[in-house]
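The values are calculated or read from the model by the stated rules, or taken from the named source; none is laboratory data. A quick note: this is a predicted structure, and the numbers were derived from the prediction, not measured. Reconstructed Cβ throughout: ideal geometry from the backbone, glycine too, with neighbour counts over all protein chains shown. Just the protein is used for accessible areas: all its heavy atoms, side chains included, with ligands, DNA and RNA removed. Shrake-Rupley method; radii C 1.70, N 1.55, O 1.52, S 1.80 Å.
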Amino acid sequence: MNRAFVSLYLIIVLSILLLGLALNKFWDEVNPPQALDPAVVDLIELLEQSLQKNSDPNKQMLLAKETAKLKYKATLVSVENFSRTAIAEKIKQGNVVSVNDEHTNYFYKRLAKTDDILVLAYPSELNNRSELYAVFIVVFYGAIAGVVFLWVWPLTRDLARLSQHTQQIGKEGRPITIAISTRSVLYPFANVFNAMATRLDELMRLQKEMTLAVSHELRTPLARMKFALAMTEEQELPVSLQRQLAGINRDIAEMESLINSFLAYAAFDQQSQQLNQREGHIQDLVRDIIARLTSHQENHINIEVRDETAEQAVVCEWSLMQTAIQNLIHNALGYAKTSIRVTLKVTTTHFMIAVEDDGPGVPEDQQTRVFESFVRIYSELTNRSGFGLGLALVKRIMDWHLGDAICSRSVLGGAKFTLTWPR
């Protein structure tokens, strides 16, 4: 509101000033103002003629009588009292010259064929006029400010309502459309916005229904297949058939993992972004995650934890942060050759967690794309199974924490994933 009001007000005021100056200059060129008031010039000529016709040697007294009833004070000054300046030269040549100071207007005229200069002094009334002019200027620009405010306020009010409503789209229990007066400038935009909001609500509802349908329709036949395979374990079957059944069992487990990952991602997508952040020590969480993930690890991979927090507490949504760290360490275990390094750090402005390994790493042109949904960089590796949702969840969690997830090259030779969020 303040920014829109000030910017529009300055544009209007500057436009008025510039246009006024330009038009005033144009008018002066078309109709130049007169240098002197004709009435003053006529008065000087009358006084000059009166002095020339009268033979009284005391012209000063005669001049005082002629102007006694006038506001002008007239005196005679010798031409020798004027220095050699441009204005003095004009006066000596017989021109009528006007000079002003803060309180008085002076008019000079050399009497013809004499060395006397007629001086008329008239007190200026600009002070009263200037005060009135200042009041007029304040009222004028105040009126402009009022008009600008009356135009900007409804616009900014409706924009604020649209902004707040946009942030509420997708949350359950919130109205889908927004009502704006038909007289508003934003009424056509509000209609388009309402149509978009309705369409988004329909798409989200369809996505939720599809998620529930997929989970129900796939879990049931998978459960029957697992039960049938479990029944065959008690039977003596040929080795080749047992291998085929074991392969089927792995495929079923992979499909179940896909369903669980998809449901988890959908749940995160629908989850409210209101976080329940609390203080705690991230070191304990990281060690617990490492212990659980390595308990069934066949390959011996060294995991180094560098704690640079100096025992400072970390503030986050712990359930979400556990998911993010677990996904990063799980990925590192799948790609690392011999070692993984986890670094914990607390700065004056941010919390930071970095997970790096000595695996194949992520190509530079894929380091941003790797956080997209269903993206797998090394899908051809036989020792890796996944569906490209883990890092997408990590990115979503960091967005909710107003932080960032960055992929880069590690000094160990592999990939380095860094999570940062503000304190």
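Could you tell me whether Glu308 is open to solvent by 50 Å² or more (accessible area, probe 1.4 Å) and under 16 Å from Phe417 (Cα atoms)? So Glu308 fails the test. Pairing each residue of region 323-350 that is within 12 Å of Leu419 (Cβ to Cβ) and free of Cβ contacts under 8 Å to residues at least 12 places away in the same chain with any residue that is open to solvent by less than 30 Å² (accessible area, probe 1.4 Å) and part of a helix (DSSP H, G or I), provided the two are 6+ apart or on different chains, yields no C-beta distance under 8 Å. Taking every residue in region 216-241 that is closer than 14 Å to Ala253 by Cα and pairing it with any residue that is surrounded by 10 or more Cβ atoms within 10 Å (Cβ to Cβ) and not β-branched (Val, Ile, Thr), at least 6 positions away or on another chain, the pairs with Cβ-Cβ distances below 8 Å are Leu218/Met255; Arg219/Glu256; Leu222/Met255; Leu222/Glu256; Lys226/Asn249; Leu229/Leu245; Leu229/Asn249. Counting only strands (runs of 3 or more DSSP E) that fall entirely inside region 65-163 and contain at least 2 residues that are in contact with a Lys or Arg (Cβ under 8 Å, 6 or more places away or on another chain) and either at pLDDT 80 or above or among the basic types (Lys, Arg) (or both), the qualifying elements are 116-123.
Here is a yes/no grid of residues against (1) loosely packed, with under 10 Cβ neighbours inside 10 Å; (2) at pLDDT 75 or above; (3) aromatic (Phe, Trp, Tyr); (4) in contact with a strand residue (DSSP E or B) (Cβ under 6 Å, 6 or more places away or on another chain):
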site: Leu14; (1), (2), (3), (4): no, yes, no, no
site: Leu18; (1), (2), (3), (4): no, yes, no, no
site: Leu23; (1), (2), (3), (4): no, no, no, no
site: Phe26; (1), (2), (3), (4): no, no, yes, no
site: Asn31; (1), (2), (3), (4): yes, no, no, no
site: Gln34; (1), (2), (3), (4): yes, no, no, no
site: Pro38; (1), (2), (3), (4): yes, yes, no, no
site: Leu43; (1), (2), (3), (4): no, yes, no, no
site: Gln49; (1), (2), (3), (4): no, yes, no, no
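Looking across region 347-368, the residues that are closer than 19 Å to Leu402 by Cβ and in contact with a strand residue (DSSP E or B) (Cβ under 7 Å, 6 or more places away or on another chain) come down to Thr349, His350, Phe351, Met352, Ile353, Ala354.
All conditions but one from (1) more than 30 Å from Ile169 (Cβ to Cβ); (2) modelled with pLDDT of 75 or more; (3) in a helix (DSSP H, G or I); (4) within 55 Å of the chain's Cα centre (by Cα) apply to Glu279; the one that does not is (3). Scanning region 219-230 for residues that are at pLDDT 75 or above, in a helix (DSSP H, G or I), open to solvent by 50 Å² or more (accessible area, probe 1.4 Å) and in contact with a helix residue (DSSP H, G or I) (Cβ under 7 Å, 6 or more places away or on another chain) turns up at least one hit.
Taking the criterion of being of a type outside the set (A, V, I, L, M, F, W, C) and over 36 Å from the mean Cα position of the chain (by Cα), the residues of region 321-360 that qualify are His330, Asn331, Gly334, Tyr335, Lys337, Thr338, Ser339, Arg341, Asp357, Asp358, Gly359, Pro360.
Looking at region 123-145, is at least one residue surrounded by 11 or more Cβ atoms within 10 Å (Cβ to Cβ), under 30 Å from Leu186 (Cα atoms) and among the aliphatic types (A, V, I, L, M)? Checked against the condition, which is being surrounded by 11 or more Cβ atoms within 10 Å (Cβ to Cβ), under 30 Å from Leu186 (Cα atoms) and among the aliphatic types (A, V, I, L, M), region 123-145 yields at least one hit. Six or more apart or on different chains, Cβ atoms under 6 Å: show the pairs whose first residue is in region 48-77 and without any contact (Cβ under 8 Å) to a residue 12 or more places away in the chain and closer than 20 Å to Ala112 by Cβ and whose second is among the hydrophobic types (A, V, I, L, M, F, W, C) and open to solvent by less than 100 Å² (accessible area, probe 1.4 Å). Note: pairs meeting the criteria are Asn54/Leu62; Asp56/Leu62.
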